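*Asks:* Here it is, the structure, as structure tokens.
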């Protein structure tokens, strides 16, 4: 009972996603049980062993702080990497290079990074690059549309299914991560459908805002991540509204907001 109470106090102090929290607490509980069993074999009662182990581990506040630092907060380098695609987009559209080869090279680079890093343990910042890699895949589909319609249709359905599969896996991992991978394809998808119109100055500034928000998301705690998620979705809605009618693209934005808020409500209980 003492060990269970100690674990529950840790639970209330963790700023992690539901899945992360359960994984960390499971490992911590297993370690706790192993230490207690070892002391019991030495002659202590279960209660005495639990008290001794809990006292040896230290304060719940300190342990929770260390766990949050390890699992919830990213480094400065990770924050820069997460925001880099948006910052480069800001530069490209500010300088009028979106239709030049630089834009294609940039998009190709995102694919390379996403593939290479995606093969190993995936840190959250990679999701932004993955989102941009889907932008390139969708762009190829729009190019094929005017050349070979049946092939473009089959290709489009394949890319959409891959994108949905990836988003679902991200939702299962942590709904707060959804905007990282979903916002780029939604923005540029609307842009392609509207015939690649020139972005308004305030719209271009939206990319800079998203870059800053990504940095805050990576480095912030759980509460900061919630605020950043909802702000990202708000900025997405503003950009979609300025590019075109937003139309059906508003539905994914609303869905993202609902999933994020649902996760926040689950974590409060």
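*Asks:* Any idea how far apart residue 9 and residue 95 come out in nm if each label point goes 7 Å out from Cα toward Cβ?
*Replies:* Label-label distance for residue 9 and residue 95, simple model: 5.6 nm.
*Asks:* Need one number: the % of Cα-Cα pairs in region 186-265 sitting beyond the 15 Å mark.
*Replies:* 58 percent
*Asks:* Sticking with this structure for a sec: With equal scatterers on the alpha carbons only and no solvent term, can you work out the Debye log10 of I(q)/I(0) for region 177-227 at 0.25 1/Å?
*Replies:* For region 177-227 at q = 0.25 Å⁻¹, log10 I(q)/I(0) is -1.00.
*Asks:* With no solvent and one point per C-alpha, what does the Debye sum give as log10 I(q)/I(0) for region 116-269 at q = 0.10, 0.11, 0.16, 0.20 Å⁻¹?
*Replies:* After summing over all Cα pairs, the log10 values are -0.36, -0.44, -0.93, -1.37.
Values in this text are rule-based calculations from the coordinates and carry no lab data. None of the values given here were measured: they were computed from a predicted structure. Reconstructed Cβ throughout: ideal geometry from the backbone, glycine too, with neighbour counts over all protein chains shown.
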